[in-house]
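Q: Here you go, one structure.
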Amino acid sequence: MDTATTPATAVILVAAGSGQRLGYGMPKARVPLGGEPILMHALRGIVASGVASQVCVALPEGDGVLRALCDDFRTELVDGGPLLTLVDGGASRADSVRAAMAVLEPGTQAVLVHDAARALTPESVFQRVVEALAAGAKAVIPVIPVVDTVKTVQPTTGDGAAIAPELVTGTAHRETLRAVQTPQGFDLATLRRAHEGAAGFDASEAAAVTDDAMLVERLGVPVHAVRGASQSLKITTPLDLIIAEGLLEGPLGVRWVEG
Ligand code: CTP
Ligand code: MG
């Protein structure tokens, strides 16, 4: 795509989480994948996609290791590459997004918010999101089909790990369901307005904000879905890390696995 004619697009890379579920005892962005920290895979993918005029990385507060990695990476960026900005993340993912939005360059029109935990997102997904924004959408999310049958229950734990049986209350129509990924793309003014609406949330409301698009939906702004990719999985649990390692080591290489 011709990025020279597209409006200034920033990518916010949220990498400030602690990685509790991965259980490595270190922030997830630092955990090695194919011999390199997860953060580096995510950064390289963004730069390779060619969509970003600025990449703003939200890091765990005071994490000198990740900051130094980013500073080294900055020296690898060629002339005409994106500006790399670092910011301390916040207590919640939404806080990290807000911290990053506060330091975007003047003139930025579009923003993509991407999870560092989705370290293997192919370039084509970034490009599809940006193309949909350029075509006039104010909010765009990459999605993939849901393979499991999905039921609603009366939850006892909130995370599906109940020991006692839970009562099933219904079955969702799978053809109307999509699993949602990042990068999620927005008109910047729309994303700012969406996050202002969430600034007064209490702790439990804030914990329920699992993506940015749901805040935009609350404004009544249409959100459009484009095709994501299965290798864009969010590395959350040890099993996900095994899968990501397998994708990197596969005979064809991760960039060919799309679908
Ligand atoms: N994230 C962030 N700031 C936070 C929490 C999360 O920037 N306060 C980022 C994570 O670094 C990750 C993305 O949001 O790239 C998605 O979050 P998740 O997969 O939940 O990562 P963690 O919060 O690190 O993992 P866990 O919930 O298991 O602790
Ligand atoms: Mg988390």
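Q: Considering only the stretch 107-162, give the strands (runs of 3 or more DSSP E) lying wholly within it that have at least 3 residues that are touching a helix residue (DSSP H, G or I) at 6+ places or on another chain (Cβ under 9 Å) and closer than 15 Å to Gln231 by Cβ. It would help to see each step written out before you state the result.
A: Details: elements: 110-115, 139-145, 151-153.
Ranges flagged: 139-145.
Q: I'd like to know if the stretch 64-84 contains one or more residues that are in contact (Cβ under 8 Å) with a residue 40 or more places away in the chain and either within 13 Å of ligand 1 (Cβ to nearest atom) or of a type in the set (Asp, Glu) (or both).
A: Scanning the stretch 64-84, I find at least one residue that is in contact (Cβ under 8 Å) with a residue 40 or more places away in the chain and either within 13 Å of ligand 1 (Cβ to nearest atom) or of a type in the set (Asp, Glu) (or both), so the answer is yes.
Q: Hey, another quick one. Any residue that is under 14 Å from the mean Cα position of the chain (by Cα) and crowded, with 23+ Cβ neighbours inside 10 Å - is there at least one of those in the stretch 173-182?
A: Yes - at least one qualifying residue is present in the stretch 173-182.
Q: Hey, among Asp95, Asp115, Asp63, Asp88, which residue is touching an Asp or Glu at 6+ places or on another chain (Cβ under 7 Å), among the acidic types (Asp, Glu) and surrounded by 15 or more Cβ atoms within 10 Å (Cβ to Cβ)?
A: Checking each option against the conditions leaves just Asp88.
Q: Every residue in the stretch 105-125 that is within 16 Å of ligand 1 (Cβ to nearest atom) and in contact with a strand residue (DSSP E or B) (Cβ under 8 Å, 6 or more places away or on another chain), please.
A: Correct list: Val111, Leu112, Val113, His114, Asp115, Ala116, Ala119, Thr121, Val125.
Q: Got a sec? Which of Asp88, Asp148 is within 16 Å of ligand 1 (Cβ to nearest atom) and not β-branched (Val, Ile, Thr)?
A: The conditions single out Asp88.
Q: Which residue out of Leu191, Leu219 is free of Cβ contacts under 8 Å to residues at least 60 places away in the same chain and within 22 Å of the chain's Cα centre (by Cα)?
A: The unique qualifying residue is Leu219.
Q: Here is a further query. Return the pairs, sorted by first residue and then second, in which the second residue is buried (at least 24 other Cβ atoms within 10 Å of the Cβ) and of a type in the set (Lys, Arg), the first residue lies in the stretch 92-118 and is in contact (Cβ under 8 Å) with a residue 40 or more places away in the chain, the beta carbons are less than 7 Å apart, and the residues are 6+ apart or on different chains.
A: Close Cβ pairs (under 7 Å, with a partner that is buried (at least 24 other Cβ atoms within 10 Å of the Cβ) and of a type in the set (Lys, Arg)) amount to Ala117/Lys28.
Q: Kindly check whether there is at least one residue in the stretch 22-41 that is β-branched (Val, Ile, Thr), near ligand 1 (Cβ under 9 Å from one of its atoms) and at pLDDT 95 or above.
A: So far as the stretch 22-41 goes, yes, one or more of its residues are β-branched (Val, Ile, Thr), near ligand 1 (Cβ under 9 Å from one of its atoms) and at pLDDT 95 or above.
Q: What tally of residues in the stretch 84-102 results from selecting those that are touching a helix residue (DSSP H, G or I) at 6+ places or on another chain (Cβ under 6 Å) and of a type in the set (Asp, Glu)?
A: 0
Q: Looking at (1) surrounded by fewer than 14 Cβ atoms within 10 Å (Cβ to Cβ); (2) closer than 22 Å to Val125 by Cβ, which one does Ala225 not meet, given that it meets all the others?
A: (1)
Q: Can you tell me which of Ala91, Ala68, Ala100 is within 20 Å of Ala189 (Cα to Cα) and of a type outside the set (Phe, Trp, Tyr)?
A: Exactly one residue qualifies, and that residue is Ala100.
The values are calculated or read from the model by the stated rules, or taken from the named source; none is laboratory data. Quick caveat: nothing in here was measured; it's all calculated off a predicted structure. Ideal geometry is used to build each Cβ from the backbone, glycine not excepted, and the neighbour counts take in all protein chains shown.
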